[in-house]
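First the structure, in the form of structure tokens, and then the observations on it.
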Amino acid sequence: MSLAALLVLADGRFPAGGHAHSGGAEAAVRAGLVKDAADLEAFCRGRLHTAGLVAAGLAAAAAAGLDPLELDAAADARTPSPALRTTARRLGRQMMRAARATWPSAELDALASARPRGAHQPVVLGLAARAAGLRPLDAAHAAGYEAVGGPATATVRLLGLDPFEATAVLARLAPELDRVAARAREAAERALAGDGTRALPAASAPMLDIHAEQHAAWPVRLFAS
């Protein structure tokens, strides 16, 4: 395992397209739910334990070697919002381009051929981690961090929030991110042991789904989602 590869995968400069997405933060800001650092922390905590946990489980399972097509179907089942499914596949397609250029892999090539319009981003992330020689726990950490890092960065742009405060939010959430990653890894192990995708987390976040549908209908917005 290469810790340097994990740093590359989780780096905001990795060209996976995430900079164009707010992870629901833009809609939350407009709805008045996120106004300051305290609100951002509450938003990110909720996102981490719902959408973040689901993404971490899918990524860990892909890194562990579960069938990525089955995982992609499981991701669809766990994403009731059409807007979020579209976003996940768009991000997955961009992640796939970056991953195949960085860590060439027959498994990545096979998934790209099977899902030319894009597989769900956490599945591609997990497969990229596998190609880079990372562990399922590493993939879970990368997915969990992305679930909160994107909204934190977006809120700096949306509210003019002090970037030091936004970074402090992420630091305070670090122990919870570790626990979420561990839960995701354990679920992936159960899935690999024979329980299949039903062992993976299926937490829901209805307000994220509702806000995603509203956001997709806005004629003017700063972020794609």
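The values are calculated or read from the model by the stated rules, or taken from the named source; none is laboratory data. This is a predicted model, so every value here is computed, not measured. Here the Cβ is made from the backbone with ideal geometry for all residues, glycine too, and neighbour counts use every protein chain on show.
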Identify, by number, the condition in (1) modelled with pLDDT under 95; (2) surrounded by 15 or more Cβ atoms within 10 Å (Cβ to Cβ) that Val220 doesn't meet. (2)
Residues located in region 41-95, provided they are among the acidic types (Asp, Glu) and closer than 16 Å to Pro206 by Cα: Asp76
Given the condition over 25 Å from Thr102 (Cα atoms), in a loop (DSSP other than H, G, I, E, B), touching a His at 6+ places or on another chain (Cβ under 7 Å) and not charged (D, E, K, R), answer yes or no: does some residue in region 207-223 qualify? yes
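If a residue must be surrounded by fewer than 19 Cβ atoms within 10 Å (Cβ to Cβ) and at pLDDT 90 or above, how many such residues does region 18-35 contain?
Matching residues across region 18-35 total 6.
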Any residue at all in region 81-97 that's surrounded by fewer than 23 Cβ atoms within 10 Å (Cβ to Cβ) and farther than 22 Å from Ala119 by Cβ? no
Scan region 138-161 for residues that are crowded, with 23+ Cβ neighbours inside 10 Å and either aliphatic (A, V, I, L, M) or over 15 Å from the mean Cα position of the chain (by Cα) (or both) and report the count. 9
Of all residues making up region 206-217, the number that are buried (at least 18 other Cβ atoms within 10 Å of the Cβ) and either more than 30 Å from Asp67 (Cβ to Cβ) or hydroxyl-bearing (Ser, Thr, Tyr) (or both): 2
Give the number of residues within region 180-205 that are without any contact (Cβ under 8 Å) to a residue 24 or more places away in the chain, surrounded by fewer than 16 Cβ atoms within 10 Å (Cβ to Cβ) and either under 14 Å from Val54 (Cα atoms) or under 17 Å from the mean Cα position of the chain (by Cα) (or both). 1
